[in-house]
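The values are calculated or read from the model by the stated rules, or taken from the named source; none is laboratory data. These figures come from a predicted structure and were not determined experimentally. Glycine gets a Cβ as well: all are built from the backbone with ideal geometry, and neighbour counts include every protein chain shown. Side chains included, ligands, DNA and RNA excluded: accessible areas come from the protein's heavy atoms. Shrake-Rupley method; radii C 1.70, N 1.55, O 1.52, S 1.80 Å.
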Amino acid sequence: MSIVLSIILIILVGGIAYAFGYFFSIKLREKKIVSIKELADKIVSEAKREAETIKRSATFESKELMGKMRNDFEKSTRNATKELQQRERRLADKEMGIDKKSAFVHKREQDLQRREKEIFQKERAVRAKEERYTRLISEENKKLEEISGMTKNEAKERLLENLKTQVKYEAAQMTREIKEKARMQAEKEAKEIIASAIQKCATDHVTETTVTVVSLPNDDMKGRIIGREGRNIRAFENATGIEVIIDDTPEAVILSGFNPIRREVARIAIERLIVDGRIHPARIEEVVAKAQKDVEDMTVRAGEDTVLEVGIPGIHPELIKLLGKLKYRMSYGQNVLQHSKEVAYLAGLMAGELGLDISDAKRAGLLHDIGKAVDQKYEGTHALIGAEIAKKFGENPVVVNAIAAHHEEVEPTSPIAVLVQSADAISGSRPGARRETLEAYIKKLDKLEQIASSYDGVGKVYAMQAGREIRLIVEPEKVSDAEIEEVANEVARQIEKELQYPGQIKVTVIREVRSSEYAK
């Protein structure tokens, strides 16, 4: 019994434990379910909050984006409006310009119509004159045949001669009128430009000769310069290539030589020897060598100073050195470096007036006589030599052509070349700039008068203003008023062909008719 009770008890206890465990597991499951529901509710709540936050952020960003897009749209609209207004203004200006051009064209059309009408009237007048001349010629032909009994061929020759004379007269008159109109239109502006350039360019000119006088402290120094048996003076002349003239001139010696650079070296050397007091062949050679170096340095400095003064950058050092040598060159008594600077200034001023490149004009003007600085190893004219040297050292083609063409040895290819020709003529022909020998001057005047006297109908010829003007007095019976223009033109062309001269020569033809009668 006890075993059965124990088993029953155990079964009861196990059932109670099972029931308790089952109940506990149900409670635990319910508790987990509640906690899971709470967690789910929490997650949902957080999700809702995050969604709300995202929604608010998206709303704010969308508002900002909309504001920015609105601002951009308004800005682009304003720009488009402004551009449209500008285009409208430009269109209005163009319309106004078109209206003005239309009015101008209308006026030109009226002028053309008026001119056509005038031309038509002139043509009608010319035809009337031709008919009148034809009628007169016909009448004269009949009269000649009736009166003189001329043959038809003879009368025809007479008529042709008369017609030639008449045509020549009218052609000369027409040529004179055309030239006068062209001169009136062109001379005014040309004179203004040239006069302005000359007035702005006022430079000093120094005339040098082939001798240099060196002062001595006393006459005893002459003996020291000569030296024993003349050894000092021979050494000096051999070292410098310059002749030393010692005469009765008190306290002075004369250095004579064609080459101005050598003469300058000799002057510096002899002045230093006089100051130093030690005069003997070895010392002479030493001082002359040093003087040569100093003159070379002075030459380079003169070239550099000239380039800076004129205001032309980028010139090759060799060209600068050649420019400096022009300081010691003379042409008709005019210093070539000073002349080159004056030509540069004049060409630059005229180029400025005409709206051309001032730098190229001044550059070509300064370098136009560079060919005069080289020695005798170069063959040819100084203009062509200078152009070759300028091309060699990188000058541009406009400058090279202006240098080559400034004496009309080649054709000018740019207005700059023509300006350099004009500036060179102005600088050389200005009163006092250059000088000529008496013999050359007289020959020039004789040649001028011979050329002018060779024309038929010229009675008297006078060379005036030192050969700058030639006046012809023609015989009124042989030369008419209309033909004097032709005579002046032919004489001028002949002078250009046969003579070489700086500047220009004015040809003036005078025709004077006098009539006298006596009252009784």
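Counting only residues that are open to solvent by less than 40 Å² (accessible area, probe 1.4 Å) and on the phi < 0 side of the Ramachandran plot, how many does region 449-482 have?
Total satisfying the criteria: 13.
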Q) Within region 380-393, restricting attention to residues that are of a type outside the set (A, V, I, L, M, F, W, C) and within 23 Å of Q334 (Cα to Cα), which residue is least open to solvent (accessible area, probe 1.4 Å)? A) G386
**Q.** Index of the failed condition, Q500 passing every other in (1) at pLDDT 70 or above; (2) open to solvent by less than 50 Å² (accessible area, probe 1.4 Å); (3) out of contact with any Pro (no Cβ under 9 Å at 6 or more places or on another chain); (4) closer than 24 Å to M330 by Cα
**A.** (2)
Q.
I'd like to verify a number: residues in region 394-406 that are assigned to a loop (DSSP other than H, G, I, E, B) and buried (at least 16 other Cβ atoms within 10 Å of the Cβ), how many?
A. 2
Q) Quick one: in region 323-367, which of the residues that are touching a Lys or Arg at 6+ places or on another chain (Cβ under 6 Å) and under 30 Å from G257 (Cβ atoms) is surrounded by the fewest Cβ atoms within 10 Å (Cβ to Cβ)? A) Y332
Q. Residues of region 447-488 being within 20 Å of E177 (Cβ to Cβ), touching a residue at least 24 places away in the same chain (Cβ under 8 Å), in a helix (DSSP H, G or I) and not acidic (D, E), which ones?
A. I484, V487
**Q.** The lone exception for A80 - which of (1) open to solvent by 100 Å² or more (accessible area, probe 1.4 Å); (2) at pLDDT 85 or above it fails
**A.** (1)
Q.
I'm trying to understand the selection: among the residues of region 297-311, which are surrounded by fewer than 22 Cβ atoms within 10 Å (Cβ to Cβ) and either farther than 14 Å from L366 by Cβ or within 20 Å of the chain's Cα centre (by Cα) (or both)?
A. D297, M298, V300, R301, V307, L308, E309, V310, G311
Q. Hey, among the residues in region 444-454 that are touching a helix residue (DSSP H, G or I) at 6+ places or on another chain (Cβ under 6 Å) and at pLDDT below 80, which one's farthest from L499 (Cα to Cα)?
A. L445
